[in-house]
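Scroll down for the structure; my scribbles are underneath it.
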Amino acid sequence: MEAPASPTPIDQGELNLRKRLKSHGAEDVMKREHEEEEEELERLLLPDPDQLPVVPPSAVHCNFVA
């Protein structure tokens with residue numbers, strides 16, 4: 001007989017989720033995941049002011065300069 005295969009990354013993630021559900025309670029885990037999703041969404045949607053240009057490009061530059 002063959003030895004059982006080691007868990008795939010998906011299986012390992014499910015095991016970690018089950019451990020968290022048992023140790024912290026389902027509501028706490030769901031709340032934490034929601035907060036993490038909100039933080040990621042905010043990071044993706046809101047620009048980083050340090051990366052914006054000091055002066056916005058002109059309309060001519062945007063429309064006609066490649």
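Check whether at least one residue in region 24-31 is modelled with pLDDT of 85 or more, among the charged types (D, E, K, R) and surrounded by 11 or more Cβ atoms within 10 Å (Cβ to Cβ), and report yes or no.
yes
Would it be correct to say that R43 is among the basic types (K, R), modelled with pLDDT of 85 or more, loosely packed, with under 10 Cβ neighbours inside 10 Å and part of a helix (DSSP H, G or I)?
Yes, satisfied.
The values are calculated or read from the model by the stated rules, or taken from the named source; none is laboratory data. What you are looking at is a predicted structure, and each value in this text was computed from that prediction instead of being measured. All Cβ positions, even for glycine, are placed from backbone atoms using ideal geometry, and neighbour counts span all protein chains on display.
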